[in-house]
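Heads up, the thing below is written out as structure tokens.
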Amino acid sequence: MIKLAISGCQGRMGQRITVLALLDKTFKISALLENKNRPDVPLLSNNIPVNFEDAALKGSKVLIEFTTPDATMEHLKSCQKYGVNMVIGTTGLSKAQITQIKKASSKIAIVFSSNMSVGVNLVFGLIRQAAQITGNDYAITLTETHHVHKKDAPSGTAKTMAELAEQYAKTMVKDIESIREGEVIGDHTITFESPVDLISIHHHAKTRDIFAEGSLVAAKFLSKKKKGLFNMQDVLGLK
């Protein structure tokens with residue numbers, strides 16, 4: 001049984017990860033973490049105590065982290081201290097913060113990915129293939145839409161899509177359009193356009209459970225690792 005800690009347990013993702021982990025007999029939730037400054041945080045969530053101090057991480061095998069960049073960096077320090085592996089789905093991280101994550105992976109095992117969805121990671125593979133074949137003969141554009149509460153733009157997923165396209169096509173992405181409206185969970189479309197045709201690759205997220213489920217798959221992967229930096233392509237064997 002994997003002792004699992006969940007950060008941001010009262011957030012949209014945290015709540016779904018908690019529910020799905022409780023349904024999976026592979027896991028035992030060892031700690032639920034939340035920001036003490038968040039209003040109206042309950043003492044219990046799903047009959048499990050909610051903790052405000054990182055010391056609650058002690059004894060856990062893996063922490064799943066979908067929070068803010070600053071909170072992620074604090075928890076990264078604590079996970080190194082207590083020997084807890086991390087699944088990091090936080091977006092909006094700076095280059096310096098990403099460097100800290102890479103450095104920490106010499107001490108603990110980390111799955112760091114802009115998107116935990118199996119479907120999106122399949123899309124990443126399709127982008128690599130399309131970019132390799134079309135090269136710089138096609139203009140590449142991206143559109144991503146999320147709910148109005150999402151703070152970072154472009155999304156971490158859109159950035160990864162652009163990075164892959166540029167790496168394999170050897171040309172720059174022409175434009176990334178970010179739309180924030182309603183309660184859209186996540187839509188991403190990349191197009192490769194030439195004078196004679198247009199290729200479009202699209203992913204639509206119906207529910208946040210795709211990310212929650214993916215993070216649990218990543219946690220299972222990490223339960224057998226001691227250290228190292230991985231992404232969802234590694235977890236799913238798509239490389």
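Per the conditions (1) touching a Pro at 6+ places or on another chain (Cβ under 8 Å); (2) crowded, with 16+ Cβ neighbours inside 10 Å, the sole criterion not satisfied by residue 87 is (1).
Out of everything in the range 101-145 that is of a type in the set (A, V, I, L, M, F, W, C) and in a loop (DSSP other than H, G, I, E, B), what residue ends up being modelled with the highest pLDDT? It comes out as 108. Residue count for the range 156-193 satisfying the condition of being surrounded by 12 or more Cβ atoms within 10 Å (Cβ to Cβ), modelled with pLDDT of 95 or more, of a type in the set (D, E, K, R) and over 22 Å from residue 69 (Cβ atoms): 4.
Within the range 73-92, residues that are without any contact (Cβ under 8 Å) to a residue 60 or more places away in the chain and in the same structural domain as residue 108 (by TED's automatic domain parsing) have Cβ atoms under 6 Å from residues that are surrounded by fewer than 24 Cβ atoms within 10 Å (Cβ to Cβ) and not hydrophobic (A, V, I, L, M, F, W, C) in these pairs: 73/97; 78/54; 80/107; 82/58; 90/67, counting only partners at least 6 apart in sequence or on another chain.
Checked against (1) closer than 18 Å to residue 35 by Cβ; (2) within 20 Å of the chain's Cα centre (by Cα), residue 48 passes all but condition (2).
Contact map, the range 211-224: residues that are free of Cβ contacts under 8 Å to residues at least 24 places away in the same chain and closer than 14 Å to residue 118 by Cα paired with residues that are of a type in the set (Ser, Thr, Tyr) and surrounded by fewer than 18 Cβ atoms within 10 Å (Cβ to Cβ), Cβ distance under 8 Å, separation 6+ or inter-chain. No pairs are found. The set of residues from the range 42-67 being free of Cβ contacts under 8 Å to residues at least 40 places away in the same chain and under 21 Å from residue 212 (Cα atoms) comprises 44, 45, 46, 47, 48, 49, 51. If you go through the range 116-148 and keep only what is within 24 Å of residue 68 (Cβ to Cβ) and touching a residue at least 60 places away in the same chain (Cβ under 8 Å), you end up with 116, 117, 120, 121. When 152, 197 are checked against the criterion of being of a type outside the set (Ser, Thr, Tyr), under 30 Å from residue 19 (Cα atoms) and surrounded by fewer than 19 Cβ atoms within 10 Å (Cβ to Cβ), a single residue qualifies: 152.
The set of residues in the range 162-201 being touching a residue at least 60 places away in the same chain (Cβ under 8 Å) and either aromatic (Phe, Trp, Tyr) or assigned to a strand (DSSP E or B) (or both) consists of 188, 190, 192, 199, 201.
Kindly establish whether residue 65 is at pLDDT 90 or above, surrounded by 12 or more Cβ atoms within 10 Å (Cβ to Cβ), in the same structural domain as residue 111 (by TED's automatic domain parsing) and within 28 Å of residue 225 (Cα to Cα). Criteria met by residue 65. Of the residues 23, 33, the single one that is surrounded by fewer than 22 Cβ atoms within 10 Å (Cβ to Cβ), assigned by TED's automatic domain parsing to the domain that holds residue 226 and either in contact with a helix residue (DSSP H, G or I) (Cβ under 8 Å, 6 or more places away or on another chain) or not charged (D, E, K, R) (or both) is 23. Test residue 159 against the criterion of being of a type in the set (Lys, Arg), assigned by TED's automatic domain parsing to the domain that holds residue 68 and not in a loop (DSSP other than H, G, I, E, B), and give yes or no. Here the answer is no, as residue 159 does not meet what is asked. Would you point out which residue out of 196, 217 is assigned by TED's automatic domain parsing to the domain that holds residue 123 and at pLDDT 95 or above? Exactly one of 196, 217 is assigned by TED's automatic domain parsing to the domain that holds residue 123 and at pLDDT 95 or above, namely 196. Of the residues 43, 32, 20, the single one that is touching a Cys at 6+ places or on another chain (Cβ under 9 Å) and of a type outside the set (S, T, N, Q) is 32. Filtering the range 200-220 to residues that are buried (at least 20 other Cβ atoms within 10 Å of the Cβ) and farther than 19 Å from residue 23 by Cβ leaves only 203.
The values are calculated or read from the model by the stated rules, or taken from the named source; none is laboratory data. Because the structure is a prediction, the values reported are computed rather than measured. Don't worry about glycine lacking a Cβ; one is built from the backbone with ideal geometry, like all the others, and counts go over all protein chains shown.
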